[in-house]
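The structure appears below as structure tokens.
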Amino acid sequence: MYLSRVEIDLNNRQKIKELTHLGAYHNWVEQSFPDEIAEHTRLRHLWRIDRLAGKSYLLVLSQEAPDLELLGAYGVENTAMTKPYDPFLDRIKEGEIMQFRLTANPVRAISQPGRKQPRMVPHITVEQQRKWLTDRAEGLGFEIVKTVSADSMDSEGTENFDIVSRDWPILRRGHRTLRLSRVTYEGLLRVNDLDQFKQTLMNGVGREKAFGMGLMTVIPRG
């Protein structure tokens, strides 16, 4: 697998005038893999938009390396880069504590009388969105690290993660314009099930993965 990144050229309005909704970013990512298009293969590409120190980056996780020239189509010149991801995955150890960042689409299913498919409804409050992640952690191969302060009355501790951004970006599907709930989490986790955790990193978390949700990245705690 490969992890790739490019700085989005936000100062060039002519260049990014098409990037008005999540579908446009999805198309940018897909067009960066011309061999897959030519071979009529559809491999999953996880991606998200990171905003760091006043700059915006497109981060992409893929089975094959992208074409860096195409990945840089809407980027700052010479900022597109890629590196193999498998060596990093191989270094992760069970029980290791890691810093994580996850952008996800926290929703819940509501049954609909007379219909087989439930209706997906976004979680709205911070409390609901935090619980959405903690409820899924075990099944994803990790647990959120808890912190117990010396003056705390809570012997269980506080889960060590934050919601650092919440918004409702636009997605256009045909003639419909939708808004998706997008939440970014950061914090500390402990790897409990190594094989499952690697699957989580490779396959993503939750829904709307084609539209910038689900990509979790981790680094060893320094």
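The values are calculated or read from the model by the stated rules, or taken from the named source; none is laboratory data. The structure displayed is predicted, hence computed values, not measured ones. Cβ placement follows ideal geometry from the backbone for every residue including glycine, while neighbour counts extend to all protein chains displayed.
Details
- The residues of the range 91-116 that are of a type in the set (Ser, Thr, Tyr) and either in contact (Cβ under 8 Å) with a residue 12 or more places away in the chain or within 26 Å of ILE163 (Cβ to Cβ) (or both) amount to a single one, THR103.
- When we screen GLU77, GLU94 for residues that are surrounded by fewer than 16 Cβ atoms within 10 Å (Cβ to Cβ), among the charged types (D, E, K, R) and in contact with a helix residue (DSSP H, G or I) (Cβ under 7 Å, 6 or more places away or on another chain), the only hit is GLU94.
- Of all residues in the range 126-149 being exposed (fewer than 12 other Cβ atoms within 10 Å of the Cβ) and in a loop (DSSP other than H, G, I, E, B), the one that is nearest to the chain's Cα centre (by Cα): VAL148
- Test for PRO122: is it at pLDDT below 90, surrounded by 14 or more Cβ atoms within 10 Å (Cβ to Cβ) and under 25 Å from HIS45 (Cα atoms): yes
- Strands (runs of 3 or more DSSP E) within the range 63-120 that include 2 or more residues outside the structural domain of ASP167 (by TED's automatic domain parsing): 81-84
- Residue that is surrounded by the fewest Cβ atoms within 10 Å (Cβ to Cβ), among those in the range 178-191 that are in contact (Cβ under 8 Å) with a residue 12 or more places away in the chain and more than 30 Å from GLU94 (Cβ to Cβ): LEU180
- Elements of type helices (runs of 4 or more DSSP H) in the range 1-59, at least 1 residues being in contact with a helix residue (DSSP H, G or I) (Cβ under 7 Å, 6 or more places away or on another chain): 22-31, 34-38
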